[in-house]
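Values in this text are rule-based calculations from the coordinates and carry no lab data. All of these numbers come straight from a predicted model, not from anything done at the bench. Neighbour counts run over all protein chains shown; Cβ positions are idealised from the backbone, glycine included.
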């Protein structure tokens, strides 16, 4: 058994009087692509943020590669939800990608030529090099998401966290993103994707089902089952059994 | 030259004017640069709040006898902290918390300045209290001491911003990632508050408490309209700030006006100019682009019409074209002038017809190609009803570049006809499909297939489609009566008005 990339023990998080996560315990190994699913307000994004120590927790322990979060956080690349970004910000595509390198630069250190080269390479990987000199807001939703993926790639992390990366994104970009994420997984990285669209569940190796508590964690075949899905979505799903496939409608 | 000397050089023979110019330049630069962060982080209101909140600090410093600079920075920072505290610890939102804090602080400042203790200090000659100058600035009264303070504050602020550029950029653009990679975001926020307070205090002498926020926001906002990158935005903002400071200062000197008001007003005017004249995003630039696009559309429509008329061997005079497009002659002539200038169209030597040059023909075919590919796409992929695809494709052919047509063609699998049955020209501009004959002229009882239906007028197209007459449909002409044609369609007999049949072309059925 390889060393766990993320170990969460009894994690609870509240916003004010509102408890969002309750006693979540889960242990995730590297080298896989994990989809985090659940209804609105299930605490999917909160789970990512709490894992990085971005929101205060009521209790529980979190280890990244058996280290404390603050010791290992630079090994995590995080892609925020689209709506949390100010797209009018005066910043060029290439500047955004270069930010991925900041994780490895100390205070007062400027990005060196090697950093710029790594960023250019990452931009090339998502096929956005021709748009390097554009202001970030001039791109389409799909192109913006590719640029943020390039930023994460340039960080050369061991864990990649994506919060709803497929909202407002075209089909070609969705495919491209999955392709790149699979390549990361094959290199032994851990990829965590928060997603609300159950139709993408089949792309993942493992699923985390949340509804405030952990409903299930396991391989897609173990988790994508009517009783578990209904428990996570509190019976608000329409499930269709078609041949050997289970299709979930919301 | 003499005039220049009199306006700009002569005033500098006064020492107070030299100091004023230096102070205005410093403040114009620092405020503008810091202001860029304030704008991108949407803290404009906080800037205003801190500016008002320095007043009690100034008063306390005067009463206690220490440099007003530190008093002002102190209450400025305290207010920023207080606003954050209230927002975090209660359900009161930030804008409300700001309103509460800065008006309270401002009132405290006014109270202290009007107190007996202050009056005694003033009588002793210990301080010179001039409320008007604190509130609205008096750059012409800057002392050497003030200048030194402004200079030190400015250097501190600019060096900090230079050293922490990378951290401040990430923290402003994506605070979540900044926190995720372990930047101390709280500390950076308070540092920003400190820089903001220092800047405001430095600008008190030039523009005063009430207008301090103007020098923070207006140059930055102007630059925001003109630039796409933070460093260029800062540089542009500094230039705007400096220009406004210089012009405003001389204005106030020569016309004996309030210096703060003059400087701010010039900055405001610069913003308005940028708002209207900014390339790409300015109001005028957009109007210009719209007009250009309209003209382009008109011109392309004329070119296509000339192509169409030429194919039908019809007359192509300006009057005929205008009528065919149902547009005023002036528009047609305007479009034709551009076409002639581009060498796409020329006037025939024999008559008044307008002829396409080979280049013009090429351009026309490109447009037709793009139009028909879009129609194919809209009908097949977007599943739009056939009678609406023409109008939509007409819009798209004018706005989408030619490369997209190539991509569309590949995506659609190189279709040869549009959904109306018209042939789609190849990218080399060749048309290789039999255009067919008019249905009216087709021999009786000879199996035919509809090759094409005119997409205009739309009412006839939809009427025909409603009767099942679409491109690809097999038909048999049974008889002609006075103003009807009788057809057999899918084993049923239909009669359609002869003038409808004009819209249909047919080829021999395979």
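Figures for the structure shown
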| item | result |
| --- | --- |
| Cα extents of the range B:421-510 along the three principal axes, largest first (Å) | 44, 29, 22 |
| 0 to 90° range, to nearest 10: angle between helix B:386-399 axis and chain B longest Cα axis | 50 |
| Average silhouette area of the range A:151-225, convex hull of alpha-carbon atoms, in square nanometres | 5.6 |
| For the range B:1-135, the spread of Cα positions along each principal axis, largest first, Å | 64, 45, 20 |
| Percentage of interatomic Cα-Cα distances in chain A larger than 25 Å | 45 |
| Full-extension gain in nm, residue B:94 to residue B:459, via 0.36 nm per residue minus C-alpha separation | 125.5 nm |
| Of all DSSP beta bridges in the protein assembly as shown, antiparallel share, percent nearest 5 | 75 |
| Whole-Å semi-axes of the range B:285-430's equivalent ellipsoid (Cα gyration tensor) | 26, 18, 14 |
| Degrees separating the helix B:144-163 axis from the principal Cα axis of chain B, which is the longest one | 40 |
| Kirkwood Rh in Å, taken over all unlike Cα pairs in the range A:90-133 | 10.7 |
| Packing-based order for B:38-50, B:65-77, using average beta carbon neighbours within 10 Å, highest first | B:38-50, B:65-77 |
| Principal-axis tilt of helix B:185-226 within chain B, Cα atoms, nearest 10 degrees | 80 |
| Per-pair calculated FRET efficiency, R0 = 45 Å: residue B:44 and residue B:327 via Cβ, rounded to 0.05 | 0.40 |
| If the convex hull is drawn through the Cα atoms of the protein assembly as shown, its volume per residue in Å³ | 250 |
| Chain A - percent relative contact order, Cα under 8 Å, separation 6 or more | 25 |
| Modelled FRET efficiency - R0 51 Å, residue B:81 with residue B:291, Cβ distances, 0.05 increments | 0.45 |
| Peptide ranges B:112-125, B:452-465 listed from the most packed, as the mean C-beta count within 10 angstrom indicates | B:452-465, B:112-125 |
| Inter-label distance, nm, simple model (7 Å from Cα along the C-beta direction), residue A:227/residue B:70 | 7.3 |
| Shape metrics for the range B:220-347, restricted to C-alpha atoms - Rg then Dmax, Å | 24.8, 77 |
| Peptide-level mean, for B:161-170, of C-beta atoms on other protein chains within 10 Å | 3 |
| Where the Cα pairs of the range B:154-230 fall when distances are cut into 10 Å bins, in % | 17, 40, 36, 7, 0 |
| Stretchable slack from residue B:381 to residue B:187, in nm (0.36 nm times residue separation minus alpha-carbon distance) | 64.5 nm |
| Taking A:64, B:347 and counting other C-beta atoms within 10 Å, the order from fewest to most | B:347, A:64 |
| For the range B:98-144, the fraction of alpha-carbon pairs in successive 5 Å shells from zero, as % | 5, 18, 20, 21, 20, 11, 4, 1 |
| Theoretical FRET efficiency, 1/(1+(r/R0)^6), r = Cβ-Cβ of residue B:110 and residue B:410, R0 60 Å, to 0.05 | 0.25 |
| Chain B, Cα convex hull volume normalised per residue, Å³ | 255 |
| Rh by Kirkwood over Cα pairs, then Stokes-Einstein D for the range A:70-189 at 1.306 mPa s and 10 °C, µm²/s | 110 |
| Residue-averaged beta-carbon neighbours from other chains (10 angstrom radius) around B:225-231 | 4 |
| Pair residue B:122, residue B:502: separation of 7 Å Cα→Cβ label points (nm) | 9.2 |
| Value of [θ]222 nm, deg cm²/dmol, for the protein assembly as shown, DSSP H segments ≥ 4, -39500 (n - 2.57) each, nearest 500 | -17500 deg cm²/dmol |
| Kirkwood hydrodynamic radius (C-alpha pairs) into Stokes-Einstein, the range A:6-90, 4 °C and 1.567 mPa s, D in µm²/s | 92 |
| Spherically averaged projected area of the range A:121-162 from its Cα convex hull (nm²) | 3.0 |
| Alpha-carbon centroid distance for the pair the range B:288-327 / the range A:169-219, whole angstrom | 53 |
| Inter-chain shielding of A:149-156 (mean C-beta neighbours from other protein chains, 10 Å cut-off) | 1 |
| Relative contact order (%) - criterion: Cα under 8 Å, at least six apart; region: chain B | 12 |
| Inter-label distance, nm, simple model (7 Å from Cα along the C-beta direction), residue B:338/residue A:108 | 5.9 |
| Separation between Cα centres of the range A:80-137 and the range B:69-141, rounded to whole Å | 41 |
